[in-house]
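The values are calculated or read from the model by the stated rules, or taken from the named source; none is laboratory data. Predicted, not measured: the structure shown is a model, and the values here were computed from it. Neighbour counts are summed over all protein chains in view; Cβ atoms, including those assigned to glycine, are modelled from backbone coordinates with ideal geometry.
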Amino acid sequence: MSDKRKREEVGSLPPPFREEDSADKAPLRWHRRAATLPRDKGAYLLLIRLTAAVPAPQNVAPGRSLARGLYVYCGSARGPGGIAARVGRHMRPEKGLRWHVDHLTSRAASVRALVFPGGDECVLLERVLGMEGISVPLPGLGASDCVRCPAHLLRADGRAVDVADRLQNLFEAVSRGSEDG
């Protein structure tokens, strides 16, 4: 089955889980260190806390910046090393600026990850975008290769601990098959 067809099927099921996911899978938890991340391919959310404004990538918003505060990035890890490699890179402050989100993660006060082996970043984004207090700070940011989403980087209002709890509760509710999360 082609990757595009797999993504279409994944997107049509209750986000962000696949049919073969089961109730006995590991519970969702926030990762603060790369050593705890799975090597599976899939999707992830980053919760990024900025304590100072960060210039936006010039190819997205020349002369604009992202204010201090909380941001949620929805990404995918389909290459070698899967989620562990990709998110581990995002968690390192010292790195080249390859992706839009690198402009934030390289200057972040903290970066946490919630991971979804086999998940789809666009499906995650749809769910997160429906939450109260979530907005698109700059259209296209983090989604240069996506025609479906307004951006893959979102701004989150609230305290980091509260936003982290709301995100975790949202996806735990989805995994139980409940829509009230």
- Looking only at segment 128-136, decide whether some residue is aliphatic (A, V, I, L, M), surrounded by fewer than 22 Cβ atoms within 10 Å (Cβ to Cβ), touching a residue at least 12 places away in the same chain (Cβ under 8 Å) and assigned to a strand (DSSP E or B). yes
- Query: When only residues in segment 35-67 that are assigned to a strand (DSSP E or B) and among the aliphatic types (A, V, I, L, M) count, which is surrounded by the most Cβ atoms within 10 Å (Cβ to Cβ)?
  - Reply: Leu45
- Message: I want to confirm something. Restricting to segment 18-34 and keeping residues that are among the small types (Gly, Ala, Ser) and assigned to a loop (DSSP other than H, G, I, E, B), which single residue is modelled with the highest pLDDT?
- Response: Ala26
- Task: Look at Ala173 and say whether it is modelled with pLDDT of 95 or more and over 25 Å from Arg64 (Cβ atoms).
- Result: no
- Query: Out of all the residues in segment 138-148, which are surrounded by fewer than 18 Cβ atoms within 10 Å (Cβ to Cβ) and either touching a residue at least 40 places away in the same chain (Cβ under 8 Å) or within 16 Å of Leu47 (Cα to Cα) (or both)?
  - Reply: Ser144
- Check segment 158-180 and report whether any residue there is touching a helix residue (DSSP H, G or I) at 6+ places or on another chain (Cβ under 9 Å), under 17 Å from Ala77 (Cβ atoms), not in a helix (DSSP H, G or I) and not polar (S, T, N, Q). no
- Which members of segment 54-71 meet the condition of being under 22 Å from Ala164 (Cβ atoms), hydrophobic (A, V, I, L, M, F, W, C) and out of contact with any helix residue (DSSP H, G or I) (no Cβ under 6 Å at 6 or more places or on another chain)? Leu66, Ala67
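Is it true that some residue in segment 85-93 is buried (at least 17 other Cβ atoms within 10 Å of the Cβ), of a type in the set (Val, Ile, Thr) and outside any strand (DSSP E or B)? Break it down into steps so the answer makes sense when it comes.
So the first thing to find is which residues in segment 85-93 are buried (at least 17 other Cβ atoms within 10 Å of the Cβ), and the list is 86-91.
Retained after the next criterion (residues that are of a type in the set (Val, Ile, Thr)): 87.
Keeping just the survivors that are outside any strand (DSSP E or B) gives 87.
Within segment 85-93, one or more residues are buried (at least 17 other Cβ atoms within 10 Å of the Cβ), of a type in the set (Val, Ile, Thr) and outside any strand (DSSP E or B).
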- Every listed condition ((1) modelled with pLDDT under 95; (2) in contact with a Leu (Cβ under 7 Å, 6 or more places away or on another chain); (3) within 19 Å of Pro139 (Cα to Cα)) holds for Gly63 save (2)
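Select from segment 68-80 the residues that are assigned to a loop (DSSP other than H, G, I, E, B) and either within 15 Å of Val111 (Cβ to Cβ) or at pLDDT 95 or above (or both) and list them in ascending order. Break it down stepwise before answering.
At the first step, the residues of segment 68-80 found to be assigned to a loop (DSSP other than H, G, I, E, B) are 68, 78-80.
The answer is Arg68, and nothing else.
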